[in-house]
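Report on the following structure.
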2 protein chains.
Amino acid sequence: MTATVNESINESMRNGVDTATLFATLDAVKAAPEAAKFQFRADNEWINGTHSRSTIHGFHGVGQERTHEHTFHFDADHPAVLVGRDNGPTPVEFVLHALAACLTAGLANIAAARGIRLTEVRSTVSGDIDLNGILGLDPDIRNGYQNITVRLMVKGDAPAEKLRELVEQSQARSAVYDIITNGVPVAISVDTA
Amino acid sequence: MTATVNESINESMRNGVDTATLFATLDAVKAAPEAAKFQFRADNEWINGTHSRSTIHGFHGVGQERTHEHTFHFDADHPAVLVGRDNGPTPVEFVLHALAACLTAGLANIAAARGIRLTEVRSTVSGDIDLNGILGLDPDIRNGYQNITVRLMVKGDAPAEKLRELVEQSQARSAVYDIITNGVPVAISVDTA
């Protein structure tokens with residue numbers, strides 16, 4: 001892996017994380033807290049039926065408009081059993097991907113900062129949902145997931161207890177975990193012109 | 001578009017939604033509410049640094065294990081300004097995509113059920129986040145989005161008021177809107193063996 005090559009020539013690289021840059025970024029934000037105000041965006045276009053496509057490219061951060069190095073496109077749809085054509089995962093499955101990816105990215109950063117080298121991180125995130133909610137068939141059943149379960153498998157050069165502490169800290173600092181467990185106010189406006 | 005061809009030969013097709021199948025599915029779930037219990041999943045693997053990849057394929061629903069027609073893979077990463085390598089969107093951007101896609105799929109289904117033909121649906125979903133939260137620099141700032149804004153543009157063969165009502169109903173029945181605004185309990189377990 002590239003990381004292994006880099007790490008042999010760069011003491012600050014660990015888990016593919018440049019810890020020197022990570023700590024420098026923390027110091028920069030401490031000195032100028034406004035730099036940490038970000039806005040992320042997704043633009044979505046309806047294709048047909050339950051199929052739509054989002055484009056993710058621009059965002060705002062560190063005081064200016066920025067773009068990702070690539071323009072990312074993602075399709076979402078419903079499977080045939082939910083009267084769609086399966087052109088992509090369902091929207092609720094992307095929520096599970098977001099949670100897994102957020103906990104994993106945090107884990108790698110925190111491990112790097114603590115001097116722990118990870119060798120493997122895998123996770124399965126499951127969400128249970130009763131579609132009697134969104135189908136409007138039972139007013140006592142919510143629309144969204146009733147619960148979400150994350151099973152993480154973490155290996156690295158530290159005792160099990162230290163690896164578990166990485167997960168605890170990643171959970172404590174995860175943006176998506178906070179969004180999903182605590183909720184976020186959402187404002188919707190509609191233009192029909 | 002395929003939908004246009006289909007719709008000329010099939011009275012039940014509207015907006016690419018097979019309303020006959022949609023109503024039949026509703027009737028089937030009314031008769032057997034257990035069929036509506038689904039479990040969705042994402043499997044994630046850490047690649048390097050803040051880069052990970054999720055695989056979405058299997059799910060449970062209508063009483064049995066099922067698979068999507070394809071195996072979907074999604075990368076997530078942080079951009080360089082957040083000490084990553086920009087191999088994919090950030091995890092929090094996938095949350096915005098999920099919300100846009102969920103509201104849009106619901107809109108198309110509800111419009112089809114109400115006999116309204118849509119011609120265009122576009123949306124931009126934005127989320128404001130202050131990274132002083134996840135960086136641990138300010139205990140008063142949350143880790144996740146502080147707020148999310150959805151701007152929808154909807155066109156179709158109905159008066160503006162009817163189009164707005166579609167959005168209201170989609171919001172009222174959206175799984176991802178419920179997840180994000182009301183929160184979901186998340187249980188995390190860790191295996192280090």
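B:Ser170 passes all but one of (1) hydroxyl-bearing (Ser, Thr, Tyr); (2) outside any strand (DSSP E or B); (3) within 15 Å of the chain's Cα centre (by Cα); (4) within 7 Å of chain A (Cβ to nearest Cβ); which number fails?
With (1) hydroxyl-bearing (Ser, Thr, Tyr); (2) outside any strand (DSSP E or B); (3) within 15 Å of the chain's Cα centre (by Cα); (4) within 7 Å of chain A (Cβ to nearest Cβ) applied to B:Ser170, the lone miss is (4).
Restricting the search to the range B:22-60, which residues are within 8 Å of chain A (Cβ to nearest Cβ), among the polar types (S, T, N, Q) and either closer than 24 Å to A:Cys102 by Cα or surrounded by fewer than 15 Cβ atoms within 10 Å (Cβ to Cβ) (or both)?
B:Gln39, B:Asn44, B:Asn48, B:Thr50, B:Ser52, B:Ser54, listed by residue number.
Out of all the residues in the range B:157-167, which are in contact (Cβ under 8 Å) with a residue 40 or more places away in the chain and at the interface with chain A (Cβ under 7 Å from one of its Cβ atoms)? Steps first, please.
Residues of the range B:157-167 in contact (Cβ under 8 Å) with a residue 40 or more places away in the chain: B:157-158, B:162-163, B:166-167.
Correct list: B:Leu163, B:Val167.
Could you grab me the full set of residues in the range B:162-193 that are within 23 Å of B:His97 (Cβ to Cβ), acidic (Asp, Glu) and in contact with a strand residue (DSSP E or B) (Cβ under 9 Å, 6 or more places away or on another chain)?
B:Glu168, the sole residue that qualifies.
If you take the residues of the range B:157-167 that are part of a helix (DSSP H, G or I) and not aliphatic (A, V, I, L, M), which of them is surrounded by the fewest Cβ atoms within 10 Å (Cβ to Cβ)? If you could, list the steps in order and put the result at the bottom.
Residues of the range B:157-167 that are part of a helix (DSSP H, G or I), as a first pass: B:160-167.
Now restrict to residues that are not aliphatic (A, V, I, L, M): B:161-162, B:164-165.
Numbers: B:Glu161: 8, B:Lys162: 16, B:Arg164: 16, B:Glu165: 17.
Step by step, filter the range B:157-167, then rank; the result is B:Glu161.
Kindly establish whether B:Val184 is surrounded by 21 or more Cβ atoms within 10 Å (Cβ to Cβ) and touching a residue at least 24 places away in the same chain (Cβ under 8 Å). Working first, answer last.
On the way: surrounded by 21 or more Cβ atoms within 10 Å (Cβ to Cβ): yes; touching a residue at least 24 places away in the same chain (Cβ under 8 Å): no.
For B:Val184, the condition - surrounded by 21 or more Cβ atoms within 10 Å (Cβ to Cβ) and touching a residue at least 24 places away in the same chain (Cβ under 8 Å) - is not met.
Can you tell me which of (1) touching a residue at least 12 places away in the same chain (Cβ under 8 Å); (2) more than 16 Å from A:Gly58 (Cβ to Cβ) is the one B:Val125 doesn't meet?
Exception for B:Val125: condition (2).
Looking at (1) more than 28 Å from B:His78 (Cα to Cα); (2) surrounded by fewer than 19 Cβ atoms within 10 Å (Cβ to Cβ); (3) in contact with an Asp or Glu (Cβ under 9 Å, 6 or more places away or on another chain), can you tell me which one A:Asp130 breaks?
So A:Asp130 meets the others, but not (2).
Run down A:Val83, A:Val121 and say which single residue is on the phi > 0 side of the Ramachandran plot and in contact with a Ser or Thr (Cβ under 8 Å, 6 or more places away or on another chain).
Details: A:Val121 fails: on the phi > 0 side of the Ramachandran plot.
On inspection, the qualifying residue turns out to be A:Val83.
What about B:Gly63, is it modelled with pLDDT under 95 and surrounded by fewer than 18 Cβ atoms within 10 Å (Cβ to Cβ)? Give the steps one after another, and end with the answer.
Numbers: modelled with pLDDT under 95: yes; surrounded by fewer than 18 Cβ atoms within 10 Å (Cβ to Cβ): yes.
Judged against the criteria, B:Gly63 is a match.
The values are calculated or read from the model by the stated rules, or taken from the named source; none is laboratory data. Since this is a predicted model, take the numbers as computed values, not measurements. Note that each Cβ is placed from the backbone with ideal geometry, even for glycine, and that neighbours are counted across all protein chains shown.
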